[in-house]
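Colleague: Let me begin by handing over the structure; questions about it come next.
Any read-out appearing in this document is the output of simple, stated calculations on the displayed coordinates, not a laboratory observation. Everything quoted here is computed from the prediction, not taken from an experiment. Here Cβ is always computed from backbone atoms with ideal geometry, including for glycine, and neighbour counts include all displayed protein chains.
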Amino acid sequence: MPLVTTKEMFEKSMKEHFAIGAFNVNNMEIIQGITDAAASQNSPVILQASSSAIKYARVGYLRKMVEASLEEHDIPVALHLDHGPDFETCKMCIDNGFTSVMIDGSKYDFEENIRLTKQVVDYAHSKGVVVEAELGKLAGIEDDVNVAANDAMYTDPDQAKEFVERTGCDSLAIAIGTSHGAYKFKGEAKLRFDILAKVKEKIPNTPIVLHGASTVIPELVEMCNKYGGQIPGAKGVPDEILHEASLSGVSKINVDTDLRLAMTAEIRKVFAEDPSAFDPRKYLTPARAQIQATVEHKIRDVFGSSNKA
Ligand code: G3H
Ligand code: 13P
Ligand code: ZN
């Protein structure tokens, strides 16, 4: 089947209480690992590219490699722009066959975020493309200064309703305690499910997106460190919490860091165990297999999207 938008997969996720994994892609091995995993689980999947991923891999390569996966697998696949920084980047992706774009106006004030998001929504909808927007600020570990500052960063449920009504966006990324990267929590991992529940109450028909949702899988961090890496104290969102999110109204769960760890752990292992290796297939084959295993685990054991294709 051709690339799809996220519309139908999100409708199904809200009705049947599961989440769809949105995995960041940068090259062929990552695309193959993810789509092989989704196909083996008969799951819908979202492949997303950031603007730096597009700069790295180039837009035509990304689209055509994703399209190549569709020739092998009969599952719903959406191609999504992650964290679109401006209207021009969103338009470029829409004009290049992406079926979904994110406009990330979270760095702007409420009114400017609405103006920019609406501009992207108007263009995207005229081309049959859907739009994810973001309201609230994802905290970094260093931003965890005090409760008042933190509260100001979380998504306000009343604002979320007004934002969705005024922009017409198709899905909304919210801030409930996650953050990007490998260092999400100093102490215990905790998400504000009370805020998620209030947001769902206000906008029950809008699919909710969770960014910064990697688990920072301890086994992969250990493997990186064992074979010469230096990633001490890394910590993410445990599987149980993500599973709870998938049952509580989160429709899209974003994962990049865990794929980076999966790939790096396996490549480090090959180099450490066989310093004479220099055929890229020697280290990219296990790297791709680890990405597949990691994605299969998330789809099957955490997000609950197996057999929802
Ligand atoms: O949320 C950001 C994603 O992890 C993409 O990161 O901009 O380095 O490609 P990137
Ligand atoms: P992680 O850094 O937790 O993988 O988050 C990825 C993300 O939100 C991409 O938009
Ligand atoms: Zn993100």
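Colleague: Okay, helix-only estimate at 222 nm for the chain: each DSSP H run of n ≥ 4 adds -39500 (n - 2.57), divide by all residues, round to 500 deg cm²/dmol; what do you get?
Modeller: -15000 deg cm²/dmol
Colleague: Now for a different question. Using +1 at the C-beta of Lys and Arg and -1 at the C-beta of Asp and Glu, which of 168, 216, 60 has the Cα lying farthest in the positive direction of the dipole of the chain?
Modeller: Projecting each Cα onto the dipole axis, the largest value belongs to 60.
Colleague: Return the Rg/Rh value of the chain, two decimal places, where both radii are evaluated on C-alpha atoms and Rh is the Kirkwood radius.
Modeller: We get a ratio of 0.96 for the chain.
Colleague: If you consider only alpha-carbon coordinates, what radius of gyration and Dmax does region 85-134 have, in Å?
Modeller: 10.0, 30
Colleague: Which value, in Å³ per residue, describes the convex hull spanned by the Cα atoms of region 126-234?
Modeller: 132
Colleague: Have a look at 81, 70, 259 and tell me which one the Gaussian network model of the chain (Cα, springs below 10 Å) gives the largest fluctuation.
Modeller: Fluctuation is largest for 70.
Colleague: I've got another one for you. Taking 7 Å along the Cα-to-C-beta vector as the label spot, tell me the residue 231-residue 247 distance in nanometres, rounded to one decimal.
Modeller: Once both label points are built, they end up 2.9 nm from each other.
Colleague: For the residue pair residue 188 and residue 201, what label-to-label distance in nm results when each label sits 7 Å from Cα along the Cα-to-beta-carbon direction?
Modeller: So the two model labels end up 2.4 nm from each other.
Colleague: Can you tell which of 179, 50, 276 shows the greatest fluctuation in a Gaussian network model of the chain with Cα springs below 10 Å?
Modeller: Taking springs between Cα atoms under 10 Å, the residue moving most is 276.
Colleague: Rg/Rh for region 1-119 to two decimals, with Rh computed the Kirkwood way over all alpha-carbon pairs.
Modeller: On the Cα set of region 1-119, Rg over Rh gives 0.98.
Colleague: Among residues other than residue 52 whose Cβ falls under 15 Å from its Cβ, what is the net charge (Lys/Arg +1, Asp/Glu -1)?
Modeller: Charge balance near residue 52 sits at -1.
Colleague: Now a separate question. Taking 0.36 nm per residue of sequence separation and subtracting the Cα-Cα distance, how much length would be gained by fully extending the chain between residue 158 and residue 68, in nm to one decimal?
Modeller: Full-extension gain reported as 28.1 nm.
Colleague: Okay, next question. Given a 10 angstrom Cα cut-off, can you work out which residue in 283, 56, 123 is the most mobile in a GNM of the chain?
Modeller: So, out of 283, 56, 123, the one fluctuating most is 56.
Colleague: What's the FRET efficiency of residue 240 with residue 272 using the Cβ-Cβ distance as r and R₀ = 25 Å, to the nearest 0.05?
Modeller: Computed FRET efficiency for residue 240 and residue 272 comes out at 0.20.
Colleague: Right, next: P(r) for region 246-309: what percent of alpha-carbon pairs falls in each 5 Å bin, starting at zero?
Modeller: With a bin width of 5 Å, the distribution comes to 3, 16, 22, 18, 13, 10, 8, 5, 3, 1.
Colleague: I've got another one for you. Which of the lysines could a cross-linker span from residue 64 if the Cα-Cα distance has to be under 24 Å and same-chain partners fewer than 8 positions apart are dropped?
Modeller: Of all the lysines, those that pass the test against residue 64 - Cα under 24 Å, at least 8 places apart if same chain - are 7, 55, 91, 127, 252.
Colleague: Percent relative contact order of the chain, based on C-alpha pairs within less than 8 angstrom and at least six residues apart?
Modeller: 23
Colleague: Using a ≥ b ≥ c from the Cα gyration tensor of region 170-214 (square roots of the eigenvalues), is it rounded, prolate or oblate, where a/c under 1.5 gives rounded and otherwise the larger of a/b and b/c decides, a/b for prolate?
Modeller: Oblate shape, in that a/c is at least 1.5 and b/c is the bigger or equal ratio.
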